[in-house]
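The structure appears right after this line, and notes come after that.
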Amino acid sequence: MMYDVVVIGGGAAGVQVATAVSKAGLKCALVCFGRSISGADPNVQGVDLILGDKAVEARYEGTGVVSVTTANGIRLQAADFVLATGKFFGEGLVADMDSVREPLFDSDVKYEQDRSKWFDADFMAPQAFLEFGVQTDAKGHLLKGGSPLSNVYAVGLVVAGVNAAVPEYECDTVINELICRKRI
Amino acid sequence: MKKEYDVIIVGGGITGAGTARDCAMRGLSTLLIERGDIATGATGRNHGLLHSGARYAVKDAESAEECIRENKILRRIASNCVEDTGGLFITLPEDEPAGYGLDYQSTFVSACHKAGIDAVKISPEKARRMEPSVNPSLIGAVVVPDGSVDPFRLCSANVLDARLHGADVLLYTELKDFLRKDGAICGVRVFDRSTGTESEYHAKVVVNAAGIWSGPIAQMAGVNIGMYPAKGALLVFGHRVNNVVINRCRKSADGDILVPGDAVTVIGTTSTRVPFEECDHMEVTPEEVQLLLREGCALCPSLATTRILRAYAGVRPLVASDSDPTGRSISRGIVCLDHETRDSLKGFVSITGGKLMTYRLMAEQATDAVCSKLGVKARCETAHRPLAGSEKHRAFWDKPTLGQKAAEGRHGTGASDMSADTRLVCECEHVTMAEIEYAVDKLGVRNLEDLRRRTRIGMGTCQGAFCIWKAAQALAEVLKARGVEADPNRLAAEFDNERWKGMRPVGWGDTLREMEFKQRVVKNGQPFSYAKK
Amino acid sequence: MQEKNISTCNLENCQKCSICDTVCPMMAVNPEYPGPKQAGPDGERYRMKSAEFYDKALKYCLNCKRCEVACPSGVHVADMIAAAKLEHGGQTRPLRDTVLASTDLVGSVASTFAPMANFALGLSPVRHLMDGFIGVDERRTFPSYANGTFVKSFDPSTQKGFDRFVTYFHGCYANYNFPQLAWDTVKVVNACGYGVHLMKGEKCCGVAMVANNMPAQAAKNARRNVGCMSRAVAAGEPVLTSSSSCTFMMREEYPNLLGVDNSAVRDSLMLMTKWLYELVEAGKVKLVFKPDFKMKASYHIACHMQKLGWQYYSVGLLRMVPGLDLKVLEQNCCGISGTFGFKKENYELSMRIGSKLFDSIRKSNPQYVITDCETCKWQIEHGTGLEVLNPVSVLATALDLEATFKANTQ
């Protein structure tokens, strides 16, 4: 099916975006791999919920993405995509022994190369790894290979600089952008 | 509390605990002091391997013989702390060119037999059946009577047993200085860390059983023991990967023993000499993690895809003898020093060297030395009488819950004293409220770290991420009911830092996810209300 | 070296977040059940140490897989529990459990003597006896048996005119109890321009055998079915089903629980609604609906359907029906869990679990309830008194079959 927006990730940020764009009349699907520890309820009125399934593959055309396919084999086409998969816990980021990547779009991830700087010995002190994340431009476009993907946005914990333990972020820039694009 | 004792033992590791038990059993009035909690040094920071002695058979026949003797004794007296897993010594194809092929295997087997170790050569096929996780490309295998031993449990059982025989135990009590009379040691001045007060205790003999810290303590007494701190790093995996101990049949090297202990598997160890100042603050390096993983995967390939819970390191209390930089050629032999004959210092005995496996023998030798000084003729009975908890018993519950079964596994007959409060606190390790109460009442627990060493609380998959706050509140509640004020925030904070230390060296993959979860739960509060029983 | 530290046994992927416990329908009503986290990964760690840590309360697990759907770490919580039950658990009442599990055998006997069997099963003294003797709750209405099976009355010669075929796995229910579903499937497939082959040698998928601790028999059936399916797949035909439970069993539980490799057929084995949805999406099949069709219905996502993620297709197809006023209910377990709710000792639990779903159905006030699972059908009919339809039957009624046939064959 063709959607206006496919939101990948059913945590607080993903649900916020899905709710807002759906209210604005956009046709939206929400891919939600497990329930979020944020307590967000992925059952949003008017949004097609794909629960317990994971977007695992993206198909590209030009500077953007045309569809994502889930582990269960469901192919979701959309005008715009929103990455809201969270950090490590949400598997928006995956860490190996010495590198961090974003598994779906393989987009640009900002992280500390020197592993010894990922953690502070004091548990309560700020921890560098909690702020690793994907890089975006001013409008929230996801950067891949240094340039923005024209119709893919990132919101919430997955974004670099947003602290996973004490999350503070806004989704309005991306929501407005999505709604404006639909109007054009 | 008394002020005069026959003997004061310094150090609450396994050696000190065993010595306290032996002394108390021989009728001496005994005081054990420990600056922190029991089993905080090398005792709690090793494999938990119940050596058969096979590892030492080729190079150090004396150690091998000691090991197999003590192995058999521990199975008898500490059945509750020991698991008879059996062990394998495997030969891999790559060992052949290094001179440790099947020829070495034959040498190894005959050395084992000479030391009295029941070593049986089996086919690689049979070894794969016996332990499916073993590296399938092995070319030879020998079965030996290895097992696993829970060092925390063993130490705790010795302390409990010592107390049951009349010994006094002071934890969080630091030795400040020795008391002297006419040039002889006649007691100790100690600092109570929880109250901040100093006090003095007198004794006819003081035993230095402080492991790697025996050096500085001897110095305090004015004598010298050259300790050789050899760091050993280990990794803990998330669950039991193997059910049989797997060793590499070659000269002892890094990361060649894989031990299934309780609900986890441990790989170790490395051996590096470290400066003495590091002994109190061991950090596992990335190089050590990589080395242990590489060697571990050679024993058991599935470790490559198994979650690592944490890394830790201990310091072997070896006594320096020569200039070998690796520390491996030093015999793990027992060093029992009567400083009266050695240094003309009366009233002071040091017991060091040795290893977890020979703790009982070390205690026996130290106690013999003490008794001969005091003119006591009582004989050592520690090899025959079961430790507290390990007595033979019948089932004491009709329909035990999982928590009760786990508690019985950990405390043996001690579990029969537990209340019926089976509410779970630590869900990974099945620790109940009743077990916490028991640990406070009978095992001297003051904080969550103490509780962890007695019960495995927070040692499971989540490393306390999910239930440590619940545990902190539960412990504070139990302590409060016994008139001890404790702040759950402080209890949890100490615990979090200690768990964090072990997780940092292996913080990637699922362990890193857990670390994020732990940070989030602590710094942002329980994310949503969990409908729990 | 460790590329990723994820074990194949995946219990340790568990982060102990306990989200699974918050969605478990059994835990919500039964204090004796320790919940999926304890019964699954926590218990498994200790069971690996010793079998004595097996907890008999695992028998309460409905195997609904809601824990797995909710798990943010991809842990196969319910698989782990089901495997432990197969390894350590026994049958509660061997005679009753074996009868309930043997849908194939009992079905073939009962449908031969259907009037008698239905009459007897409907009699309260008989139901009372079954309640007392074998432990099937007397408040349950046994699904009635059809007079003669679907297979016996299916005439292969009616399918001769087609040049494209699908193979149909009808399952026990459509064969013995409710042939109408099988006929509806054949009608719709035919209208799309495809002929129907029955699967030669089809056996019960085994879902009830697994639930009643008969793994050896289940594995035997599984091997047989995979063998039959691979012949169909080799002939280039997809294997279509009309039951979500059979489908889930054959796609997921065969390899995960029974160790039967189905990789050769897995991708070709699917619910008819998935097959049809994808053809319609790709423009390869056209559907023509009756202009006067009107229905108000609520769609219930069966638990195994949710785990497959395939309500996407069933709902997608139903939304194409112009006269259908469809409400998709929030996912709740109906509580029947195959044979679980039929057992005397489980009746109350089963109904208590279902009550949340029944309430939401009543609130939506539909004419019909639609779901892909036959055991959910029995439970919802029992709990609400409403008739429950399979999406395939709704399509068979809503489609102008002749016009659809023409659109797809000319």
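The values are calculated or read from the model by the stated rules, or taken from the named source; none is laboratory data. Remember, predicted model here, so these are calculated numbers, not experimental data. Glycine also receives a Cβ, built like all others from the backbone with ideal geometry; neighbour counts cover every protein chain displayed.
I'm checking my understanding of the structure. Among residues of region A:98-126 that are within 10 Å of chain B (Cβ to nearest Cβ) and within 21 Å of A:Leu143 (Cα to Cα), which one is surrounded by the most Cβ atoms within 10 Å (Cβ to Cβ)?
Among those residues, the one meeting the criterion is A:Val100.
Enumerate the pairs (first residue in region B:392-403 and within 13 Å of chain C (Cβ to nearest Cβ); second residue anywhere and in a loop (DSSP other than H, G, I, E, B)) with beta-carbon separation below 7 Å, excluding pairs fewer than 6 apart on the same chain, so at least 6 apart or on different chains.
Here the result reads B:Thr401/B:Thr422; B:Leu402/B:His430; B:Leu402/C:Asp55; B:Gly403/B:Thr422; B:Gly403/B:His430, each pair linking region B:392-403 to a residue that is in a loop (DSSP other than H, G, I, E, B).
Can you name every residue in region B:360-386 that is of a type in the set (Ser, Thr, Tyr) and touching an Asp or Glu at 6+ places or on another chain (Cβ under 8 Å)?
Across region B:360-386, the qualifying residues are B:Thr367, B:Thr382.
Return yes or no: is C:Arg266 at negative phi, at pLDDT 95 or above and more than 19 Å from the chain's Cα centre (by Cα)?
Answer is no for this residue.
Would you check if A:Leu51 is crowded, with 20+ Cβ neighbours inside 10 Å and either under 15 Å from the mean Cα position of the chain (by Cα) or more than 9 Å from chain C (Cβ to nearest Cβ) (or both)?
no
In region C:85-100, is there at least one residue being surrounded by 17 or more Cβ atoms within 10 Å (Cβ to Cβ) and of a type in the set (S, T, N, Q)?
There is at least one residue in region C:85-100 that is surrounded by 17 or more Cβ atoms within 10 Å (Cβ to Cβ) and of a type in the set (S, T, N, Q).
List the number of the failed condition for B:Ser194; all other conditions in (1) polar (S, T, N, Q); (2) within 29 Å of B:Gly507 (Cα to Cα); (3) not in a strand (DSSP E or B) hold.
Of (1) polar (S, T, N, Q); (2) within 29 Å of B:Gly507 (Cα to Cα); (3) not in a strand (DSSP E or B), only one is false for B:Ser194: (2).
Take residues that are surrounded by 23 or more Cβ atoms within 10 Å (Cβ to Cβ) and in contact with a Leu (Cβ under 8 Å, 6 or more places away or on another chain) and tell me which of the strands (runs of 3 or more DSSP E) falling wholly in region B:106-186 contain 2 or more.
By residue number, B:140-144, B:147-149.
So which of C:Glu68, C:Glu12, C:Glu32, C:Glu3 ends up being surrounded by fewer than 21 Cβ atoms within 10 Å (Cβ to Cβ) and either closer than 24 Å to B:Trp469 by Cα or modelled with pLDDT of 90 or more (or both)?
C:Glu32
Could you please find all residues in region C:24-38 being of a type in the set (A, V, I, L, M, F, W, C) and facing chain B (nearest Cβ under 10 Å)? Spell out the reasoning first.
Initial filter on region C:24-38 (of a type in the set (A, V, I, L, M, F, W, C)): C:24, C:26-29.
Listed by number, the residues that qualify are C:Cys24, C:Met27, C:Ala28.
Would you point out the residue of region A:74-97, among those that are of a type in the set (A, V, I, L, M, F, W, C) and more than 11 Å from every other protein chain (Cβ to nearest Cβ), that is farthest from C:Gly74 (Cα to Cα)?
Among them, the one singled out is A:Ala79.
Quick check on this structure: which one of B:Ala115, B:Ala98, B:Ala78 is over 30 Å from B:Ile14 (Cβ atoms), in contact (Cβ under 8 Å) with a residue 40 or more places away in the chain and either touching a His at 6+ places or on another chain (Cβ under 8 Å) or not hydroxyl-bearing (Ser, Thr, Tyr) (or both)? So that I can check it myself, show each step before the final result.
Values: B:Ala115 fails: over 30 Å from B:Ile14 (Cβ atoms); B:Ala78 fails: over 30 Å from B:Ile14 (Cβ atoms).
Just one listed residue meets the conditions, B:Ala98.
Can we say B:Gly211 is at positive phi and crowded, with 19+ Cβ neighbours inside 10 Å?
For B:Gly211, the condition - at positive phi and crowded, with 19+ Cβ neighbours inside 10 Å - is met.
How many residues, within region A:85-119, are more than 15 Å from A:Ala164 (Cα to Cα) and in a loop (DSSP other than H, G, I, E, B)?
Residues in region A:85-119 being more than 15 Å from A:Ala164 (Cα to Cα) and in a loop (DSSP other than H, G, I, E, B): 14 in total.
Do you know which residues across region C:320-332 are buried (at least 19 other Cβ atoms within 10 Å of the Cβ) and away from every other protein chain (no Cβ under 14 Å)?
C:Val321, C:Leu324
How many residues are assigned to a loop (DSSP other than H, G, I, E, B) and either surrounded by fewer than 18 Cβ atoms within 10 Å (Cβ to Cβ) or under 23 Å from the mean Cα position of the chain (by Cα) (or both) if we restrict to region B:464-485? Show your work before the answer.
Narrowing region B:464-485 to residues assigned to a loop (DSSP other than H, G, I, E, B): B:464-467, B:482-485.
Narrowing the set further to residues that are either surrounded by fewer than 18 Cβ atoms within 10 Å (Cβ to Cβ) or under 23 Å from the mean Cα position of the chain (by Cα) (or both) leaves B:464, B:482-485.
Summing the residues that are assigned to a loop (DSSP other than H, G, I, E, B) and either surrounded by fewer than 18 Cβ atoms within 10 Å (Cβ to Cβ) or under 23 Å from the mean Cα position of the chain (by Cα) (or both) in region B:464-485 gives 5.
Helices (runs of 4 or more DSSP H) wholly in region C:42-126 with at least 3 residues that are over 30 Å from B:Glu131 (Cβ atoms) and within 14 Å of another protein chain (Cβ to nearest Cβ) - which ones?
Those helices (runs of 4 or more DSSP H) span C:66-70.
Report yes if B:Arg153 is under 30 Å from B:Thr413 (Cα atoms) and of a type in the set (Lys, Arg), otherwise no.
Working: under 30 Å from B:Thr413 (Cα atoms): yes; of a type in the set (Lys, Arg): yes.
Yes; evaluated as a whole, the condition is true for this residue.
Condition first: more than 9 Å from chain C (Cβ to nearest Cβ), under 26 Å from A:Arg101 (Cβ atoms) and outside any helix (DSSP H, G or I). Now tell me which residues in region B:495-525 satisfy that.
If the condition is that a residue be more than 9 Å from chain C (Cβ to nearest Cβ), under 26 Å from A:Arg101 (Cβ atoms) and outside any helix (DSSP H, G or I), then B:Gly507 is the only one that fits.
Return yes or no: is C:Glu402 at pLDDT 95 or above, over 30 Å from C:Tyr60 (Cβ atoms) and either touching a Lys or Arg at 6+ places or on another chain (Cβ under 8 Å) or part of a helix (DSSP H, G or I) (or both)? Break it down stepwise before answering.
On the way: at pLDDT 95 or above: yes; over 30 Å from C:Tyr60 (Cβ atoms): yes; either touching a Lys or Arg at 6+ places or on another chain (Cβ under 8 Å) or part of a helix (DSSP H, G or I) (or both): yes.
When the stated conditions are applied, C:Glu402 passes them.
Considering (1) part of a loop (DSSP other than H, G, I, E, B); (2) at the interface with another protein chain (Cβ under 10 Å from one of its Cβ atoms), say which one A:Ala29 fails and leave the rest.
The number of the failed condition is (1).
For A:Val7, indicate whether it is buried (at least 23 other Cβ atoms within 10 Å of the Cβ), more than 10 Å from chain C (Cβ to nearest Cβ) and touching a residue at least 40 places away in the same chain (Cβ under 8 Å).
Judged against the criteria, A:Val7 is a match.
Hey, any hits in region B:194-204 for a residue that's at negative phi and at pLDDT below 95? Quick ask: steps written out before the conclusion?
To start, the set of residues in region B:194-204 that are at negative phi comprises B:194-195, B:197-204.
Still in the list and also at pLDDT below 95: B:194-195.
Looking for residues that are at negative phi and at pLDDT below 95, one finds at least one in region B:194-204, hence yes.
Only one residue in C:Lys274, C:Lys307 is within 14 Å of chain A (Cβ to nearest Cβ), of a type in the set (Lys, Arg), surrounded by 16 or more Cβ atoms within 10 Å (Cβ to Cβ) and over 20 Å from C:Asn63 (Cα atoms). Which one?
None of the others qualify; the one that does is C:Lys274.
Would you be able to say whether some residue in region B:52-74 is among the polar types (S, T, N, Q) and not in a helix (DSSP H, G or I)? If you could, list the steps in order and put the result at the bottom.
Within region B:52-74, the first condition is being among the polar types (S, T, N, Q), and the residues that meet it are B:52, B:63, B:71.
Cutting the leftovers down to not in a helix (DSSP H, G or I) gives us B:52.
Yes, because at least one residue in region B:52-74 is among the polar types (S, T, N, Q) and not in a helix (DSSP H, G or I).
Inside region B:234-313, counting only strands (runs of 3 or more DSSP E) that do not spill past its ends, which hold 3 or more residues that are at pLDDT 90 or above and within 14 Å of another protein chain (Cβ to nearest Cβ)?
B:257-261, B:264-268
Need a quick list: helices (runs of 4 or more DSSP H) entirely within region C:182-252 having at least 1 residues that are modelled with pLDDT of 95 or more. Steps first, please.
Numbers: elements: C:207-211, C:215-234, C:244-248.
Hits in region C:182-252: C:215-234, C:244-248.
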